[in-house]
Amino acid sequence: MDHIYLDHAATTPVDPAVVEAMLPVYREIFGNPSSIHYFGREARKLIEDAREVLAAEIGATPKEIIFTSGGTESDNAALIGAAHARQALGRHIITTKIEHHAVLHTCEHLEKEGFDVTYLDVDQKGRISLDAFKKALRPDTILVSIMYGNNEVGTLQPIKEIASLLKGTNALFHTDAVQAFGLEAINVRDIGVDLMSITAHKFNGPKGVGFLYIREGVSLETYQHGGEQERKRRAGTHNVPGIVGMAKAVTLVRENREEKKQMMYRLRQRMLNRLTEEGIDFAINGDLENGLAHILNLYFPGTRVEALLSALDLAGVAVSSGSACTAGSVEPSHVLTAMFGSDAPQAKSSLRISFGLYNTEEQVETAARIIAKTVSGWQKPKHSG
């Protein structure tokens, strides 16, 4: 049986060109980049070359990029570092109810330390209200963290407008752009954020490496101690092969972004067309017109997501019910609950289908037929006798 992978929002396959870029580092450039000898300098050059690539891609300067182990660490470093560094100015933080748990759980941790967190509601398309945001702003607001694009339903937030509202305030603005980077062209100067989290494995790079953009002039309290790497902002020996692989993945993003984005739109529409032709009952969660091209979240009335996922897996189709970080959880999607309410059936009967590298229109057609056949088993009218 051929398996079809439609869970690219959880993680992506590493591009072969990325692997090729990393292999020589594993084989030949093993020096510690903090060492001052030849071997260390070799590794250091690779790191700094990569830093320039990443900075150029987002409109930053190289010294505004710090390397991390991925999105979760970047989110933690941004939120905890900013909150601790700015608590003399206030202890109020604003975020949304649909953030990734790397942000939500970090905010809950900060609440235990005495910070006051406002969790903004979203509408039924997953978008915040700018009026509600303005009302939530206070003189003691020191940090705002709102994701660029949602990892479950794909809805994009009004990042530039939020940044504009924060001008002249004491609040730093962080965005988790983990899911958006790779398909959306993001320039930090243009959107006006102070902090931004990125991870490589969401755009066909290696796992275990990412970066945090920190606008020049922004001070964060250091949270990881033990060395003077990253200008004393993040201790720990660099993941040199991973950093090289991430830079290569970013280069590929720049070269192929628009072509890839258009392909994602085609695959998404092909899925919707085929499901419609199959005659099953479904509805779209999110905002297709203002959302990420590769994410499609669908509500299938009458189904139970746990059973549906298992049946599709056995049939060779890999999709998910939401964030991979909640795998195994029996709790309804917090994103769909925020959008539709705690008792809404969407939270327990929806699938996230996400497209990416190597997916073809033929695969999508096949997957749609399998999904339709599986769903119809729940939606068939029951006959008596």
query: Out of all the residues in the stretch 30-68, which are at pLDDT below 95, surrounded by 15 or more Cβ atoms within 10 Å (Cβ to Cβ) and among the aliphatic types (A, V, I, L, M)?
result: Ala43
query: If you take the residues of the stretch 188-231 that are within 19 Å of Gly245 (Cβ to Cβ), hydrophobic (A, V, I, L, M, F, W, C) and in a loop (DSSP other than H, G, I, E, B), which of them is farthest from the chain's Cα centre (by Cα)?
result: Val209
- prompt: Name the residues in the stretch 103-133 that are of a type in the set (A, V, I, L, M, F, W, C) and free of Cβ contacts under 8 Å to residues at least 12 places away in the same chain, would you?
  reply: none
- request: Report yes if some residue within the stretch 199-215 is touching a Lys or Arg at 6+ places or on another chain (Cβ under 7 Å), hydroxyl-bearing (Ser, Thr, Tyr) and touching a residue at least 24 places away in the same chain (Cβ under 8 Å); otherwise report no.
  value: no
message: Given the criterion touching a strand residue (DSSP E or B) at 6+ places or on another chain (Cβ under 9 Å), more than 30 Å from Glu20 (Cβ to Cβ) and surrounded by 22 or more Cβ atoms within 10 Å (Cβ to Cβ), identify the matching residue among Val178, Val218, Val209, Val193.
response: Val193
field: Residues of the stretch 137-182 classified as over 23 Å from Leu220 (Cα atoms) and among the small types (Gly, Ala, Ser), total
entry: 4
Test set (1) under 14 Å from Tyr5 (Cα atoms); (2) crowded, with 18+ Cβ neighbours inside 10 Å - Asp313 fails condition number: (2)
- prompt: So which of Gly71, Gly90, Gly114, Gly126 ends up being crowded, with 24+ Cβ neighbours inside 10 Å and at positive phi?
  reply: Gly126
query: So which residues in the stretch 330-363 are acidic (Asp, Glu) and at pLDDT below 95, if there are any at all?
result: Glu331, Asp343
- prompt: Of the residues that sit in the stretch 1-19 and are assigned to a loop (DSSP other than H, G, I, E, B) and touching a strand residue (DSSP E or B) at 6+ places or on another chain (Cβ under 7 Å), which one is nearest to Leu314 (Cα to Cα)?
  reply: His3
- request: Taking Ala307 as meeting all but one of (1) outside any loop (DSSP other than H, G, I, E, B); (2) surrounded by 14 or more Cβ atoms within 10 Å (Cβ to Cβ), write down the number of the exception.
  value: (2)
- prompt: Within the stretch 105-146, which residues are in a strand (DSSP E or B) and of a type in the set (Ser, Thr, Tyr)?
  reply: Thr118, Tyr119, Thr141, Ser145
- line: Per the filter on the stretch 81-99, residues under 19 Å from the mean Cα position of the chain (by Cα) and either modelled with pLDDT under 95 or not charged (D, E, K, R) (or both) are Ile94, Thr95, Thr96, Ile98
message: Would you confirm whether or not the stretch 244-255 contains a residue that is part of a loop (DSSP other than H, G, I, E, B), assigned by TED's automatic domain parsing to the domain that holds Ala50 and of a type outside the set (A, V, I, L, M)?
response: no
- prompt: Somewhere in the stretch 364-371, is a residue over 23 Å from Leu120 (Cβ atoms), among the basic types (Lys, Arg) and modelled with pLDDT of 95 or more?
  reply: yes
statement: Within the stretch 271-298, restricting to residues that are crowded, with 21+ Cβ neighbours inside 10 Å and in a strand (DSSP E or B), the one that is nearest to the chain's Cα centre (by Cα) is Ile295
Qualifying positions in the stretch 336-377 - part of a helix (DSSP H, G or I), farther than 13 Å from Met263 by Cα and of a type in the set (A, V, I, L, M, F, W, C): Leu336, Ala338, Met339, Phe340, Ala347, Ala367, Ala368, Ile370, Ile371, Ala372, Val375
statement: Over the stretch 39-80, the set of residues in contact with a Leu (Cβ under 6 Å, 6 or more places away or on another chain) and assigned to a helix (DSSP H, G or I) is Ser74, Ala77, Ala78
task: Hey, can you tell me all the residues within the stretch 81-99 that are farther than 15 Å from Leu172 by Cα and not in a loop (DSSP other than H, G, I, E, B)?
output: Thr96
message: Which residue is nearest to Leu130 (Cα to Cα), if the candidates are limited to the stretch 74-87 and must be out of contact with any His (no Cβ under 8 Å at 6 or more places or on another chain) and crowded, with 23+ Cβ neighbours inside 10 Å?
response: Ala83
- line: Conditions (1) under 22 Å from the mean Cα position of the chain (by Cα); (2) part of a strand (DSSP E or B) -> Ala102 fails only (2)
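Residues checked against (1) outside the structural domain of Cys107 (by TED's automatic domain parsing); (2) touching a Gly at 6+ places or on another chain (Cβ under 6 Å); (3) within 30 Å of Tyr5 (Cβ to Cβ):
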{"site": "Thr169", "(1), (2), (3)": "no, no, no"}
{"site": "Phe173", "(1), (2), (3)": "no, no, no"}
{"site": "Arg189", "(1), (2), (3)": "no, yes, no"}
{"site": "Val209", "(1), (2), (3)": "no, yes, yes"}
{"site": "Glu221", "(1), (2), (3)": "no, yes, no"}
{"site": "Gln224", "(1), (2), (3)": "no, no, no"}
{"site": "Arg231", "(1), (2), (3)": "no, no, no"}
{"site": "Arg234", "(1), (2), (3)": "no, no, no"}
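The values are calculated or read from the model by the stated rules, or taken from the named source; none is laboratory data. The structure displayed is predicted, hence computed values, not measured ones. Because the Cβ atoms are built from the backbone with ideal geometry, glycine has one as well, and the counts that use them run over all protein chains shown.
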